């Protein structure tokens with residue numbers, strides 16, 4: 001019993017967020033000190049608390065076609081003084097776009113969409129201002145014989161998924177279940193299962209589970225599995241089964257049935273206190289496919305279901321309903337901790353995000 005409790009997150013429930021947390025924790029522990037500091041030796045996290053005389057604002061707007069219908073999936077590019085540095089967003093269900101945490105100054109917007117002419121807009125954002133641009137009405141492009149009025153929701157969401165699949169902490173650790181897009185589009189069931197599949201078959205997933213199984217064997221956790229190659233194989237198989245069931249049940253199956261989004265939506269703006277509260281709350285709440293916040297039944301019930309299934313293959317001494325519920329509560333706390341890391345640390349370590357002005361997070 002003591003071994004099972006001591007195993008904590010290494011046992012039973014392995015949804016993607018907690019699996020990611022364990023791997024990130026191992027990596028941070030072994031990173032050289034200079035990797036966590038800037039070239040001048042100042043801790044990177046400390047820079048977030050330096051006073052800024054300028055107050056960031058927001059830029060938002062709506063993109064429509066010439067009939068007044070929303071254009072979903074239009075690409076909006078925001079550029080500042082240096083055109084080579086830009087931010088991009090795709091318009092959401094109502095054609096809206098939003099850029100958060102933009103520093104004051106002149107800006108330029110370029111709006112493009114398949115089958116339509118390009119539109120531009122220039123303006124100036126003052127300190128702390130929330131700019132709402134005039135509505136953009138895109139005209140049909142000349143010489144277009146087959147006009148595609150707008151990208152479908154499914155296609156726009158697929159574009160977002162392709163971007164998320166490029167998100168790898170330090171260039172190799174998968175970080176697929178985070179959306180940095182300020183205008184996220186809900187995923188359909190197929191896309192939720194696609195994210196779960198890509199996560200569970202990623203080479204990093206196999207490697208970190210192998211490392212965890214080795215640690216468990218060295219500590220003789222789940223002694224009923226024995227030692228040697230056979231014991232290691234059983235621990236590895238149990239760990240991977242935990243990971244797969246947790247990810248598919250809590251990240252794909254239940255979100256599809258309950259119409260909930262399994263991703264964490266990066267906030268990136270507001271006070272440190274508000275961002276910490278937001279990150280922690282997202283352990284027990286989530287966005288529904290209707291865009292509204294609601295209790296995260298998928299994650300909670302998925303953790304319990306995966307823990308119950310694991311009773312079929314863990315040693316008899318490590319089974320029981322009590323530990324299933326205990327580990328579910330531990331998992332909720334771990335998810336909250338991971339979300340705080342996502343909000344303040346992980347983005348700085350993740351390449352291949354959409355290009356943006358480095359003055360903005």
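Values quoted throughout were computed directly from the atomic coordinates according to the rules given, and no laboratory measurement underlies them. Just so it is clear, the structure is predicted and the values come from calculations on it, not from any experiment. As a convention, Cβ positions derive from the backbone with ideal geometry for all residues, glycine included, and neighbour counts pool all protein chains shown.
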Notebook entry, point to check: D for region 174-233, whole µm²/s, Stokes-Einstein with Kirkwood Rh over alpha-carbon pairs at 4 °C and 1.567 mPa s: what number?
Noted result: 91
Margin query: Once each part is reduced to its C-alpha centroid, what is the distance from region 240-258 to region 274-311 in angstrom?
Written below: 12
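Highest mean first, what order results for 337-343, 306-312 on Cβ atoms within 10 Å?
Answer by packing, highest mean first, reads 337-343, 306-312.
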Check: What's the center-to-center distance, using Cα atoms, between region 192-220 and region 72-118 in Å?
Finding: 38
Check: What is the packing order of peptides 239-247, 121-129, 325-333, 221-229, taking the mean over residues of other C-beta atoms within 10 Å and listing the highest first?
Finding: 239-247, 325-333, 221-229, 121-129
Check: What is the Cα coordinate range of region 57-138 on the first, second and third principal axes, sorted by size from largest, in whole angstrom?
Finding: 35, 24, 16
